[in-house]
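So the structure is just underneath, and the comments pick up after that.
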Amino acid sequence: MAFLVSLSPLSPLQGARPHSESECTWRISSRDGERVLQLDTYGSPQRKDVGTISQSIQLDETRAAELVAILRSAFPSIS
């Protein structure tokens, strides 16, 4: 699991292959008494332990606001 402390841009990858598709669930949780958004992704159906969480990330309100700004920049039609 990862608690995000920063979001930094990188240059686009040239020739990167597409990632495999994954399911994602989210929940509201807390960390040190503060509200956090947790996103959990799951492995592919071919994975040994089907249905188990592969990665989890948590965002506090500050990181969530940064992510909203990044999403609006990447996808200008989002209001």
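Name, by its number, the condition in (1) assigned to a loop (DSSP other than H, G, I, E, B); (2) over 23 Å from ALA74 (Cβ atoms) that does not hold for LEU10. It fails just one condition, (2). Looking at (1) touching a helix residue (DSSP H, G or I) at 6+ places or on another chain (Cβ under 8 Å); (2) aliphatic (A, V, I, L, M); (3) within 16 Å of GLU21 (Cβ to Cβ), find the lone condition where VAL50 falls short. Condition not satisfied by VAL50: (1).
Matching residues to (1) in a helix (DSSP H, G or I); (2) in contact with a Leu (Cβ under 6 Å, 6 or more places away or on another chain); (3) at negative phi; (4) not polar (S, T, N, Q):
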site: ARG27; (1), (2), (3), (4): no, no, yes, yes
site: LEU39; (1), (2), (3), (4): no, no, yes, yes
site: SER44; (1), (2), (3), (4): no, no, yes, no
site: GLY51; (1), (2), (3), (4): no, no, no, yes
site: ILE57; (1), (2), (3), (4): no, yes, yes, yes
site: THR62; (1), (2), (3), (4): yes, no, yes, no
site: LEU67; (1), (2), (3), (4): yes, no, yes, yes
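In segment 37-60, the qualifying residues are those that are over 14 Å from the mean Cα position of the chain (by Cα) and surrounded by 11 or more Cβ atoms within 10 Å (Cβ to Cβ), and the one that is modelled with the highest pLDDT is GLY43.
Under the condition of being of a type in the set (A, V, I, L, M, F, W, C), modelled with pLDDT of 85 or more and open to solvent by 100 Å² or more (accessible area, probe 1.4 Å), the residues counted in segment 7-26 number 2.
Pairs meeting the criteria (first residue in segment 57-71 and within 18 Å of PHE3 (Cβ to Cβ), second residue assigned to a helix (DSSP H, G or I) and at pLDDT 95 or above, beta carbons under 7 Å, at least 6 apart or on different chains) are LEU59/LEU67.
Just to be sure I understand, how many residues within segment 27-36 are without any contact (Cβ under 8 Å) to a residue 12 or more places away in the chain and open to solvent by less than 100 Å² (accessible area, probe 1.4 Å)?
Quick first cut of segment 27-36, residues without any contact (Cβ under 8 Å) to a residue 12 or more places away in the chain only: 28, 30, 32-33.
Retained after the next criterion (residues that are open to solvent by less than 100 Å² (accessible area, probe 1.4 Å)): 28, 30, 33.
Counting residues in segment 27-36 that are without any contact (Cβ under 8 Å) to a residue 12 or more places away in the chain and open to solvent by less than 100 Å² (accessible area, probe 1.4 Å) gives 3.
Total residues in segment 1-19 satisfying the condition of being of a type in the set (Gly, Ala, Ser) and more than 15 Å from the chain's Cα centre (by Cα): the figure is 3.
The values are calculated or read from the model by the stated rules, or taken from the named source; none is laboratory data. Fair warning: this is a prediction, and the values are worked out from it, not measured in the lab. A quick note on method: Cβ atoms are made from the backbone with ideal geometry, for glycine too, and the neighbour counts reach across all protein chains shown. In case anyone asks, the SASA skips ligands and DNA or RNA and just uses the protein heavy atoms, side chains included. Shrake-Rupley method; radii C 1.70, N 1.55, O 1.52, S 1.80 Å.
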